[in-house]
Structure formats: C-alpha cells, structure tokens
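This report refers to the structure that appears directly beneath it.
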Amino acid sequence: MPITLDTDIAHINQVGQKTAEKLAKLEVFTVKDLLFYYPFRYQDFSQVTAIDQLEPGVPATIFGRIEILKNRRSWQKKMIITEGLVSDESGSIKVIWFNQQYISKNLKPGDQIYLAGTISNDGQLISPVYERAKSDGSTIHTARLVPIYSVTSGLTQKQVRWLISIALKLVDQLVEWLPSDLMAELNLWSVQKSLAQIHFPDSDKNLEQAVRRLKFDELFMFLLQIQMIKKDSKLFSAPKIDFFETETKDFVNQLPFKLTDDQKKSAWQIIKDLANPHPMNRLLEGDVG
C-alpha cells in the first residue's frame, strides 16, 4: 500500500512497532506529524575541511577514505573500541568509537565517508557522526546544517532524521492554503519548500526564510482563531449592564489616585461592552508598581 501523509509511522518500511511507540511519546503518529516535528537547534557541520587543516576543539566535517577499521576490547574499561584510519589527499586521522562495534559491520576499508565531530587535543576524531557518501553528493547527518531534534530514550537523532527525510518525499501532497497573491506580497515561501528547509536547510539564509513562513502560519492561525471566537460569541446572549454615569464619576473622584489616560480608555471600552447583548471577551493587563 502506498505511503501517504496519513500513514501510520509503524507502516513505514523498516520502522517497527517499538520505534513507533517511542515516536508516540513525542506525539508523532503519522507521516504528516513528522513533517511538522521541527528541530530545536542546528549543528553547523557545513564546512568540509581537509584533514591537515583541522583544529582541536573546532567542530568540522571531513570527507575521506577508510584505510583501516577494526574492533578491540579494552580490558580496563570493559568496552569495545572501534578504531579506524581515514585519509584524504592532505593526510590521515585516527578515528575512535566506544561501544559501537556495529560500525565495523556497516563500514569497511575502501568506503568513502563523511565524518563530523570535534578534534581532540591529541589530534584524534572521537565518536564522530559518520555517513557513507552517496553518488549524488547529498547528506543528512554531516556536511551541512544538521538538525537536532528532541528525542526520547532509545530513539537516536539519526533515526529521526532518516524518518523525516522519507516524510519529505511526500511534502508535495500538502495543499498550500495561503493565497498566491498574499504570498507574493509578503515574499513568503510555499509551505512545501519551507518544511524542506526547516529540516535540512541549505544555508542560514534559507533557514531564516523557512522560519519566517512557518511563524507566519502560526500567527495567522492564532489570529484566525481569535476572530472565530469573536464571531461565535455573537451567537450567545448576555444580560445588558446599564452604565450609571453619575455614580461611576463619584467613585472615580474618590479614588486616592488619578486614572491615567490608558486606564480611562480601557475602562470606557469595557463599560461599552457591558452594555451589549453579547458576552464580552477581553483581557485587561496592567503594570504593577
């Protein structure tokens, strides 16, 4: 059965029921939910750096060839250490992962890979994110602005990014709900392009444009809900409350302070609302002190 925006996460190929249950904790149940599950920050691994130009403590991405890759057991710390040697045209670097022995099954000498991480003071790459090079040069976890998502126990960033990359293949199934003339007037991107760039931005500028469009949607929907509430309130009746001008003026004159112009304006608007045959819906806010 073809995947649609309403497809349950558990029915996506290679996604089991356990993973679906973990995503449910994040309130992600369908493919559409994935599209609207935004990153909360980004790791800048966009600059691919030659090995001989790496600096300790500075996050970077390298692209190279695996020369050596093997597992060994550390008897002192009782863990499996995966060690590798990766080289490019400028040099080589030692790579180390801890308790990730499966890496030696996923990768092998001769593979072209991207590695993203921070170089240690002794010139090694410790526990980097890895990604095998694709023929089209595209990346998800390295060599770009990498999205970071809120996750739950047993769910990795790589899993979430992979699932969202699949969901984005269906982004064109979303219907653009903003009028084209409004989008042109406000210079807003389409919702499809904005979702693609909010997850995997090609640049800071593109990320800014995507955020601008999606924030507009949220604000627009909020204001639309307010207008609908106002419209619905007119369907209900409320008792009119008469305004007693003389008594009100006497009360105000006896106050130990003088009302500001804003206070007078707000009070008058409330008084007029009370005289209407419909419920009032207002928030009165003021500074204290």
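The values are calculated or read from the model by the stated rules, or taken from the named source; none is laboratory data. Bear in mind that the values here come from a model prediction, so they are computed numbers and not experimental data. Positions of Cβ are generated from backbone atoms using ideal geometry, with glycine treated the same way; all protein chains shown enter the neighbour counts. Please note that ligands, DNA and RNA were not included when accessible areas were found on the heavy atoms of the full protein model with its side chains. Shrake-Rupley method; radii C 1.70, N 1.55, O 1.52, S 1.80 Å.
Observations
- Loop sites by DSSP among the trypsin sites (Lys or Arg not before Pro) of the chain, restricted to those with at most 10 other Cβ atoms within 10 angstrom, leave 79-257 as the longest stretch without any of them.
- Total charge dipole magnitude, the stretch 33-110, about the Cα centre, Cβ charges on Lys, Arg, Asp, Glu only, Debye to nearest 20: 680
- Between the listed residues Leu170, Thr142, Ser153, the Cα displaced farthest toward the positive end of the dipole of the stretch 108-235, a dipole computed from Cβ unit charges relative to the Cα centre, is found at Ser153.
- Selection among Gln225, Val95, Ile12 by position relative to the dipole of the chain gives Val95 as farthest towards the positive end (Cβ unit charges, Cα centre).
- For the stretch 2-54, diffusion coefficient by Stokes-Einstein and Kirkwood Rh (Cα), 20 °C, 1.002 mPa s, µm²/s: 159
- Within the chain, longest stretch free of exposed chymotrypsin sites (Phe, Trp or Tyr not before Pro) [DSSP loop, at most 11 other beta carbons within 10 Å]: 76-176
- Value in Å of the Kirkwood radius, where the chain supplies the Cα pairs that are averaged: 24.3
- Solvent-accessible area, 1.4 Å probe, carbon plus sulfur percent, for the stretch 1-92: 49
- Exposed GluC sites (Glu not before Pro) absent - longest run of the chain, DSSP non-H/G/I/E/B, at most 14 other C-beta within 10 Å: 177-284
- Solvent-accessible area per residue, Å², over the chain with all protein chains present [probe radius 1.4 Å]: 66
- Against the main long axis of the alpha-carbon atoms of the chain, helix 261-274 sits at an angle near 80°.
- Estimated dipole of the stretch 1-76 in Debye, rounded to 20 [Cβ of Lys and Arg +1, of Asp and Glu -1, Cα centre]: 420
- This model, with +1 at the C-beta of Lys and Arg and -1 at the C-beta of Asp and Glu, gives the stretch 211-289 a dipole about its Cα centre of some 400 debye.
- Computed over protein heavy atoms with a 1.4 Å probe, the carbon and sulfur contribution to the accessible area of the stretch 147-274 reaches 59%.
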